[in-house]
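One structure is given here, and the rest of the page talks about it.
Please treat every number below as a calculation from the coordinates, not as lab data. Please read all numbers here as calculations on a predicted model, not as lab measurements. All Cβ positions, even for glycine, are placed from backbone atoms using ideal geometry, and neighbour counts span all protein chains on display.
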Amino acid sequence: MSRQALSSVLPIVAVAWVILVSACSVPAGRAVEPLTNTVTWSTASESDNFGFDVYRAERREGPYERITAQPLEGGGTTDLPRDYRFVDERVEPGVEYFYYVESVSLSGERRRFTPIMRAAPKYPGSN
């Protein structure tokens, strides 16, 4: 398939995606900070992109639940690279999570944008 044909099929060109997992150690007597997972992704260009939704499951095979209240704002149509991130603040200790990002076009069409990404279980106080 030619580059031109690909651009008409895929309105957004992916560059990278990753999950950053944060957990912190807490000195005695201090409040425990919540655990979070940060899903990041980049685009090389976008065409008619309204935004992105992030989905999460506790098993790779699902079921997946949308965890963004509303789509994160996309770049519309642009040839410029853009970076995106979503912080999942509802992470439970000891639970493995799986995420993927879905793009939403200006016409409402939805497509999975990233592969499934795994976030290993974590616990308060672990580094």
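Quick notes on this one:
- When you count the other C-beta atoms within 10 angstrom of each residue and take the mean per peptide, 113-119, 34-40 line up highest first as 34-40, 113-119.
- Residues of segment 76-110 with amide N under 16 Å of a point placed 7 Å along Cα→Cβ from Arg59: 95-99
- For Tyr64, the shell of other residues with beta-carbons less than 11 Å away shows a net charge of 0, using +1 for Lys and Arg and -1 for Asp and Glu.
- Förster radius 25 Å - calculated FRET efficiency between Glu96 and Ala44 (Cβ-Cβ, nearest 0.05): 0.25
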